[in-house]
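Please read the structure below before turning to the comments.
Any read-out appearing in this document is the output of simple, stated calculations on the displayed coordinates, not a laboratory observation. Everything numeric here is computed off the predicted structure, so don't read it as measured data. Backbone-built Cβ (ideal geometry, glycine too); neighbour counts: all protein chains shown.
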Amino acid sequence: MSLRSENLRLAYRSLQAAKARSFLTMLGIVIGVMAVSLVVGIGQGVKQQIADGLKQFGKNVFVVQPGRPQSNGALFAGLAGARSSDLLTAQDLKTVQKTAGVTDAVPLSTASGSMTGDYTVQTPFIIATTPSFPDIVHQPMLAGGFFEPSDGSKAVVLGMQAAQKLFNNSTEVGQVLAWRGHRFMVAGIFDNFKAPPLSMEADFNDAVFVPYTAAQKLSGGTLGIYKILAKSHSSRDMTQTISAVNDSLMAAHGGSQDTTVAPVSVVGDTSSQTIHLLTMLVAGAAVIALIVGGVGIMDVMLVSVTERMYEIGLRKAIGATNQQIMRQFVVEAFVLSAWGALLGVALSCAVVGLLRAYTSLQAVLVWQVLVLAALLAVVIGVFFGSMPALKAARKDPIEALRHD
C-alpha cells in the first residue's frame, strides 16, 4: 500500500471515529460554498430575467422620463422614481409624438380609486395608457384583446393577478367593473408579464389598464405621466430620434434639461449593474464564510492533535519523520474540506433547482463559480489545517509519549 493511500486511510478512519464533530466541521465549508454559488447564481439569473423581459420591447423602443439625466447614464427606476410634483404632461406626450422619426408613443400614468368587480379592491394598480400600448410592449393576450379607439373610453384590460383579485372565475372578458362611479367592460386579459424579481419597475401583472382619456377626465384633467414609451422607425436611426426628442422637449420646456430620453436597454443595463455590485458584495461576504469554515477546521484539528498526542509520539518513536506526521494531518484537513466542498456543490445544485421550480427566481448554475468555490474551499481548508499539522510534526516524541 502506498504512503498516500495509507494517509487517506488513516484520515478516513480518524474522521469516522468522530462523525458528529467531522460533520459540524465540514458545515462551515458547506455553507461557504453554497453561499458563493447561490449568490452568484441568483444574481446571474436575475440579470438574465431582466434582459429577457426587455427583449419584448424591441431594439427601436426608447423611454422618456422626468428628471435630469444622471452622470452615469442611469434612469429613474420607473414608477418608483416618479414624483407627483415632477411628472410629464399631456403636452410632453404630444411633443414626443410629433417629433420626426417617432412612429408611435404611449403614456404610462397612474390613477387612483377603488374598483369593484365580483370583489372590491380598494387600492388597485391602475395604468392609464392608449390603444397603441400592445404595439410597443409586444405582450400576448391570454383572452380577448386590448381596447381600441372604437371602443370609446369604457373598456379596460387586466393583468392576470388583477383579474384574480377582481373576479372569481375565468370568464372575466365581457364582465363589468365599476370605477369612480362609471362602468367599464373588460376587453381582455394579458398573458403573464415577465416581471424580474428585485426590479423596481412596475409589475404589469397586477395592473388594470384603462384608456388615458377616460382616466384623465375622471381625474379632473390633472393626470401626470411617469413614463412615455416611444418607437423610432428602426434601431439604426434611434440615436438620431432620441436626440431629436430630447431637443424638442428642451425647447418645449424653455431650454431646461429636465427630462431623460434613453433606449429601453439602458434601464436593464442600470439594473444589471446594480445587481452585479450587490452580487459581488454578498459574494465577498460569502468568501469570508469560507474563511470562517477554514478557521473551524483549524480549531478541530488542534483538538485532534491534542487528543492524539500519544499516537504522534508513538509514531515518531518508531521512525516516522516530521514530514510524514505533518502529511497525515494535512490529508485529514484535505479530506474534510474536499467532502465539505463536494457537499456544498451538490446542495447548491439542489437549491437552484428548487428555486426555479417553486419561486420566480430563475437562478442559474455558473459552473466556473462552482469549481472556483470548491477549489477555494479546499485551499482554505488545507491552509488552515497545515497549522495544527505543523504543531504535530514539531512535537518532541518523549513529551508526546508522556501526554495523558
- [ ] Note down the magnitude of the dipole of segment 86-158 about its Cα centre, charges +1 on Lys and Arg C-beta and -1 on Asp and Glu C-beta and zero elsewhere, to the nearest 20 debye.
- [x] 120
TODO: State which entries of Lys59/Lys194; Lys165/Lys217; Lys59/Lys98; Lys165/Lys194; Lys98/Lys194 exceed 28 angstrom in Cα-Cα distance in the structure shown.
DONE: Lys98/Lys194
TODO: State to the nearest 20 debye the size of the charge dipole of segment 87-257 about its Cα centre, where the only charges are +1 on K and R beta carbons and -1 on D and E beta carbons.
DONE: 320
Task: Exposure proxy order (Cβ contacts within 10 Å, fewest to most) of His138, His253 - done: His138, His253
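Given axes a ≥ b ≥ c from the Cα gyration tensor, I'd like to know whether segment 128-187 is rounded (a/c under 1.5), prolate (a/b larger than b/c) or oblate.
The shape class here is oblate.
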Open item on the list: Which residue, Met185, Gly113, Val156, has the largest displacement toward the positive end of the dipole of segment 87-257 when charges sit on each Cβ (Lys, Arg +1; Asp, Glu -1)?
Closed with: Gly113
Open item on the list: At a 10 Å Cβ-Cβ cut-off, how would you order Trp367, Trp179, fewest neighbours first?
Closed with: Trp367, Trp179
Open item on the list: When only alpha-carbon atoms are used, what values of Rg and Dmax, in angstrom, describe segment 87-257?
Closed with: 16.8, 53
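Most exposed first by the Cβ proxy, i.e. fewest other Cβ within 10 Å, how do Ile325, Ile318, Ile297, Ile31 rank?
In order of increasing Cβ crowding within 10 Å: Ile318, Ile31, Ile325, Ile297.
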Task: Estimated vicinal HN-Hα couplings, Hz - segment 183-194 in sequence order (Karplus 6.51, -1.76, 1.60; Gly, Pro = x) - done: 9, 10, 8, 6, 8, x, 10, 6, 5, 4, 6, 6
- [ ] Pull up all non-local amide H partners of Leu142: gap of 5 or more, or a different chain, and H-to-H distance under 5 Å with H placed in the peptide plane.
- [x] Ile189, Phe190, Asp191
